[in-house]
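Below you'll find the structure, written out as structure tokens, and then a few comments.
Bear in mind these aren't lab numbers, they're just calculated from the coordinates by the rules spelled out. What you are looking at is a predicted structure, and each value in this text was computed from that prediction instead of being measured. Don't worry about glycine lacking a Cβ; one is built from the backbone with ideal geometry, like all the others, and counts go over all protein chains shown.
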Amino acid sequence: MKAVLDHVGIAVRDLKEALAFFRDALGLEVEAAEEVASQRVRAHFVPTGSSSLELLEATAPDSPIARFVERRGPGLHHVTLRVDDLRAVLRQLRARGVKLIDEEPRPGAAGSVVAFVHPASAHGVLVELKQLMPPAPPPLKTLQVGDLELVLLSDGCFYLDGGAMFGVIPKPLWEKKASPDDRNRIRMAMRPVLVRGSRTMLIDAGCGDKFSPKLSEIYRLEREWNLQHSLAAAGVSPESIDIVLASHLHFDHGGGFTAPDTRGIVRPRFSRAQYVARRGEWEDAMHPTERTRATYLPENLLPLAEAGVVQLVDEDATIMPGVRVRRTGGHTAHHQMVYLESGGKTAVFTADLLPMTAHLPEVWIMGYDLYPLETLSFKRAFLREAIEREHLIIFEHDPTIAAGYIRERDGKRYVEQVA
Ligand SMILES: [Zn+2]
């Protein structure tokens with residue numbers, strides 16, 4: 001864990017007196033005040049190099065700062081450490097029995113999220129942990145397919161080796177479509193879809209929040225905005241999801257199926273949901289080979305089985321009205337895509353058959369695929385179907401194009417972006 005001193009909070013009884021010292025006597029600059037209405041406090045930041053002092057002034061007699069000053073007099077109130085991944089830090093502290101005031105990050109000043117550690121666990125010091133957030137969450141995109149509303153969610157982005165993502169395609173060709181970072185990795189979205197129809201369904205769930213710092217680094221996770229945020233933005237609580245449907249059970253699709261509870265025990269994340277997967281895929285995940293062991297992670301799946309919430313389907317079937325699954329094979333033996341059909345319209349969640357728009361050419365097939373020739377023949381037929389019948393395709397891993405129509409003009413295929 002890396003933590004940087006962000007600021008030191010000082011409770012002030014009389015702001016004028018405080019300014020006489022910090023501003024006038026020390027000659028420090030005081031920034032414009034920021035009012036934190038929920039805490040009934042006004043904060044005056046005093047930059048001091050890479051960190052700062054925060055003068056805290058109560059704005060009402062029942063403010064926590066007023067009570068603090070009343071009890072202990074003005075003075076040192078808290079120390080704030082900045083961390084990269086607040087959620088991971090809280091998990092780590094919980095695992096070590098540290099007493100927390102906030103079990104979950106909550107909104108702080110200037111778009112940050114914060115959580116307080118109890119002074120009893122921090123040698124009498126009130127410690128605030130803070131994570132800076134990117135300026136704004138990505139907007140939620142919604143598609144209407146007849147009576148079905150599809151909300152394109154986000155579990156953030158991750159990076160995979162570019163060579164592995166394009167199989168036999170040479171780098172000079174693929175790097176024009178997806179430019180690699182200094183470790184040859186390319187950026188990919190994790191885009192679960194919420195289906196609102198006769199029931200509320202989630203298709204896939206991203207990688208979730210259980211990665212160690214080491215794996216987070218290997219996959220370069222960018223998850224400041226993740227599934228939890230986008231579900232909240234869509235107005236959906238985890239308890240309101242009836243069905244969680246898996247395209248397959250690789251970690252970037254099923255990692256978000258489970259989550260640790262407040263005691264750190266990993267449980268089904270959507271407490272009321274039935275989790276629907278293909279039987280063959282489930283069995284393969286339960287008996288991984290040397291080649292699949294790194295992606296079928298027991299913590300994503302076993303808690304579901306233990307809770308008795310797994311429902312296995314043996315073949316192509318309708319999961320709820322307007323939603324049916326179809327086996328593609330190729331990527332894994334039982335990988336499936338999801339047809340969303342209503343009012344004469346069809347959208348298809350193709351999962352790892354067409355992970356990104358860059359995979360549109362038939363032979364641009366992932367090196368991860370266990371049966372690439374099966375991918376090739378299924379993809380060839382499906383592309384023809386998608387063009388002829390004007391299916392709206394949802395690209396689960398494309399970082400910029402979430403959905404579009406595949407068009408063909410003068411023998412050339414391209415994606416007409418819709419979302
Ligand atoms: Zn994937």
Residue-by-residue Karplus 3J(HN,Hα) for the stretch 287-294, coefficients 6.51, -1.76, 1.60, Hz, glycine and proline x: 10, x, 9, 4, 7, 10, 4, 6
Mean Kyte hydropathy of -0.5 or more with a Cα span along the axis of at least 15 Å, helices from DSSP in the chain: 372-388
Sparsely packed trypsin sites (Lys or Arg not before Pro) within the stretch 47-112, loop by DSSP, other Cβ within 10 Å at most 16: ARG96, LYS99
Derived scalar couplings ³J(HN,Hα) [the stretch 264-277; Karplus, 6.51 cos²θ - 1.76 cosθ + 1.60; whole Hz; x for Gly, Pro]: x, 8, 7, 9, x, 7, 10, 5, 9, 7, 8, 9, 9, 9
Cleavage-rule hits (GluC sites (Glu not before Pro)) in the stretch 298-356: DSSP loop, at most 16 neighbouring Cβ within 10 angstrom: GLU315
Values of log10 I(q)/I(0), in the order q = 0.19, 0.20 Å⁻¹, for the stretch 3-131 under a Debye, Cα-only, solvent-free model: -1.13, -1.23
Among beta bridges that DSSP assigns inside the chain, antiparallel share in %, nearest 5: 75
About the Cα centre, charge dipole magnitude for the stretch 152-311 (Lys/Arg +1, Asp/Glu -1 at Cβ), debye: 240
Value at 222 nm in deg cm²/dmol, rounded to 500, when DSSP H runs of n ≥ 4 in the chain each add -39,500 (n - 2.57): -5500 deg cm²/dmol
Over the stretch 254-318, equivalent-ellipsoid semi-axes from the Cα gyration tensor in Å: 20, 17, 8
Projected label distance in nm at HIS287 and SER198, using a 7 Å step from Cα toward the beta-carbon: 3.6
Karplus-derived HN-Hα couplings along the stretch 244-259 (A = 6.51, B = -1.76, C = 1.60, θ = phi - 60°), whole Hz, x at Gly and Pro: 10, 10, 9, 5, 6, 10, 5, 4, 7, 10, x, x, x, 6, 10, 7
log10 of Debye I(q)/I(0), alpha-carbon scatterers only, for the chain at 0.11, 0.14 Å⁻¹: -0.87, -1.20
Separation between Cα centres of the stretch 278-330 and the stretch 119-198, rounded to whole Å: 22
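Just order 120-133, 241-254 by mean Cβ neighbour count inside 10 Å, highest at the front, would you? Provide the component values of the computation, followed by the final result.
Numbers: 120-133: 16.1, 241-254: 24.5.
Going from most to least packed, we get 241-254, 120-133.
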